Amino acid sequence: MVDGFEDTPPRLEEESDDAFILRLESYEGPIDVLLEQARDQKVDLTRISILALADQYLGFVERARRLRLELAADYLVMAAWLAYLKSRLLLPEREDDEEPSGEELAAALAFQLRRLEAMRDAGGQLMARMHLWRDWFPRGAPEDGLVVRSNVYDVSLYDLLKAYAEHKRRTDGGGALHIEASELYSMDMAIARLTEMLGRIPGWATLASLLPRGLKDPLQIRSSIAAHFLASLELAREGKLELRQEGAFQPIYLRRAERAIGSEGEGG
Amino acid sequence: MRDVTEHADNVLELPRRGPEGDLAHHVRLVEALLFASAEPLEDAVLRDRLPPDADLARVMECLGEHYRGRGVQLVRVAKGWAFRTAPDLTAQLRIETPVVRKLSRAAVETLAIVAYHQPVTRAEIESIRGVATSKGTLDTLMEAGWIRPGRRRMTPGRPLTWVTTKGFLDHFGLASIDELPGVEELKAAGLLDSRPAITTLPGGRAEELTGEDQDDTDDRESF
Amino acid sequence: MRDVTEHADNVLELPRRGPEGDLAHHVRLVEALLFASAEPLEDAVLRDRLPPDADLARVMECLGEHYRGRGVQLVRVAKGWAFRTAPDLTAQLRIETPVVRKLSRAAVETLAIVAYHQPVTRAEIESIRGVATSKGTLDTLMEAGWIRPGRRRMTPGRPLTWVTTKGFLDHFGLASIDELPGVEELKAAGLLDSRPAITTLPGGRAEELTGEDQDDTDDRESF
């Protein structure tokens with residue numbers, strides 16, 4: 001995502017009630033969630049019930065928090081705002097109120113959703129059009145000199161801005177090396193996550209089933225696998241969990257170590 | 001079996017005098033020009049190469065008629081004219097093409113917003129999408145040659161706007177931005193209003209979004 | 001007057017069945033191939049793209065016949081075939097233009113600094129860039145018509161300043177110098193980001209190739 005291109009995101013098979021939560025990591029923000037929920041009402045976006053939408057969203061945030069996923073502040077701000085909107089919709093209008101009415105707020109939100117939906121569709125239609133170099137081709141051997149060219153040098157605005165930006169980065173950096181925060185999954189994160197999840201799972205679970213969902217970047221996915229594997233070894237070493245594997249390249253199972261079931265005694 | 005040296009004969013076959021002879025000659029000129037160029041040529045460029053009395057519309061009509069149904073077609077793109085291979089043949093051409101990477105969902109959405117709402121500021125893009133524009137999205141679209149900075153908006157903070165380029169029209173086979181799919185319907189439905197929908201909202205995200213406008217300015221000291 | 005959406009109609013106009021239909025199709029295919037190819041194509045290559053029973057000689061004869069006397073000609077070059085603009089027109093159409101060259105990195109950077117910091121003296125350019133600027137760089141930019149000398153600075157030595165020209169604005173499609181994105185805007189667009197080297201590691205997938213754009217629409221179903 002860093003450079004605006006992406007790999008095909010992994011598809012999620014789950015279609016349970018918690019599908020929203022499982023997809024949380026692929027949402028781009030609360031508006032994304034709202035739009036998807038509005039679509040789930042299976043009605044024209046002009047006729048969605050904002051009240052029902054607010055309820056669904058608040059329920060979503062509630063469930064997501066119960067699973068102790070860290071919700072971005074944006075999601076909570078939207079939840080607070082929707083709770084406010086809901087109260088405005090339910091309470092009778094006050095005469096002296098100078099604030100926009102609940103209906104006005106609801107209409108603004110509905111507009112926002114319709115506009116975003118329209119732009120997503122437009123983007124889809126744009127991409128479905130014929131692309132030069134893919135669906136048809138220009139002249140392969142253009143004959144220079146016949147065509148008007150007022151300039152000797154081939155420099156685009158992008159080249160110019162890039163040159164200035166590179167110069168800025170070089171000089172303003174003050175020579176110090178800047179290392180961008182890595183988006184890779186750390187072992188500490190994996191340990192915290194596994195500990196948390198194993199607390200809720202009584203029996204054996206495969207390592208694969210415990211990996212975080214919704215990661216898009218293949219590098220991030222690989223780093224999460226590596227981090228969780230290392231974390232499971234570390235936790236096993238500390239005696240906090242047990243590991244089992246039937247053979248090379250077979251799934252790795254793990255469960256929390258408790259003296260009660262620990263006596264069954266599988267080797268690591 | 002034609003040979004370069006044979007051209008003199010061929011040329012003689014067309015009438016060289018009178019209005020029809022002129023038209024035929026103008027068609028040949030424009031045909032040669034468009035064939036020589038990989039990029040679309042605008043009407044003005046073509047007119048420059050023709051005598052002042054030439055009827056460009058008529059010339060283009062004749063030329064288009066001549067290429068109707070052939071393997072190469074005359075098309076109106078990017079405010080100009082170009083020859084392009086007939087799309088139904090693409091599968092059989094197997095032409096080496098530069099590698100095209102798939103745009104992220106965010107980039108497609110941003111491109112659509114710039115195309116349909118232009119000129120549009122970054123703050124407006126963010127308000128429409130409801131999320132901050134991740135760094136690199138505009139950069140990527142600009143590098144692809146599809147968007148460029150436009151005029152500054154004459155509002156507080158004088159934010160920079162973004163617009164699409166001719167390269168964008170050329171790539172997607174559009175004659176102008178009026179031809180964007182569904183643009184009329186969207187306009188009629190009021191969905192091309194770029195203002196934040198929730199500007200009036202107390203408390204929430206609206207302030208954060210509009211507040212961004214001011215941020216666009218702070219760098220003018222470098223001038 | 002063709003439009004991209006019309007191509008389906010055009011195709012139907014030619015007979016699609018029987019020997020004549022095949023011939024017409026083969027002619028179209030070869031026409032498109034030669035048009036889009038960067039190099040002349042040899043008989044063997046063309047034969048390879050046609051069904052085994054196609055009569056290449058007949059196809060080339062038809063195609064050559066079709067272009068006889070037009071602004072573009074089918075010619076035999078080396079051992080292959082190519083389209084060329086009719087030689088009798090080139091003299092009429094050619095505008096003397098020097099070969100397009102790439103500007104050196106130093107020159108692009110110097111141009112950017114003049115654009116962003118104008119009016120700016122040579123000494124200032126050097127101090128901003130941190131390296132000596134060769135006289136040739138400014139000369140090149142001046143010859144290109146992008147910069148010109150401005151007023152003298154009212155400081156000791158009265159050094160000459162440099163500013164950009166109208167030609168500069170025209171070339172880069174800017175209405176005024178004010179439309180150059182400021183530093184914060186460059187940052188917001190992602191241009192100031194050093195992309196971490198780690199993200200450029202091969203992602204282990206090759207599906208970012210052409211044709212994948214259609215997935216954008218597929219993805220939308222998962223909403």
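The values are calculated or read from the model by the stated rules, or taken from the named source; none is laboratory data. Note that this is a predicted model, so its numbers are computed, not measured. Neighbour counts are summed over all protein chains in view; Cβ atoms, including those assigned to glycine, are modelled from backbone coordinates with ideal geometry.
List of remarks:
Results for (1) within 9 Å of chain B (Cβ to nearest Cβ); (2) closer than 27 Å to residue B:191 by Cβ; (3) surrounded by fewer than 20 Cβ atoms within 10 Å (Cβ to Cβ), shown as yes or no for each residue.
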position	(1), (2), (3)
A:23	no, yes, yes
A:33	no, yes, no
A:41	no, yes, yes
A:106	no, yes, no
A:122	yes, yes, no
A:133	yes, no, yes
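Yes/no per residue for (1) touching a Cys at 6+ places or on another chain (Cβ under 8 Å); (2) more than 24 Å from residue A:33 (Cβ to Cβ); (3) surrounded by 18 or more Cβ atoms within 10 Å (Cβ to Cβ):
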site	(1), (2), (3)
B:96	no, yes, no
B:105	no, no, yes
B:110	no, no, yes
B:113	no, no, yes
B:126	no, no, yes
B:141	no, yes, yes
B:147	no, yes, yes
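- For region A:57-69, the criterion of a residue being over 26 Å from residue B:191 (Cα atoms) and within 14 Å of chain B (Cβ to nearest Cβ) is satisfied by no position.
- Test: residue in region C:44-56 that is within 7 Å of chain B (Cβ to nearest Cβ), touching a helix residue (DSSP H, G or I) at 6+ places or on another chain (Cβ under 7 Å) and not basic (Lys, Arg): no
- Some residue of region B:88-96 being at pLDDT 90 or above and more than 7 Å from every other protein chain (Cβ to nearest Cβ): no
- Residues that are within 24 Å of residue B:189 (Cα to Cα) and not in a helix (DSSP H, G or I) were ranked within region B:105-137; the one that is farthest from the other protein chains (Cβ to nearest Cβ) is B:118.
- Whenever a residue of region C:36-54 is of a type in the set (Ser, Thr, Tyr), its partners that are surrounded by 13 or more Cβ atoms within 10 Å (Cβ to Cβ), lying with C-beta atoms within less than 6 angstrom and at least six residues away or across chains, give the pairs C:37/A:140.
- Residue count for region B:31-43, restricted to those that are within 8 Å of another protein chain (Cβ to nearest Cβ), within 21 Å of the chain's Cα centre (by Cα) and part of a helix (DSSP H, G or I): 3
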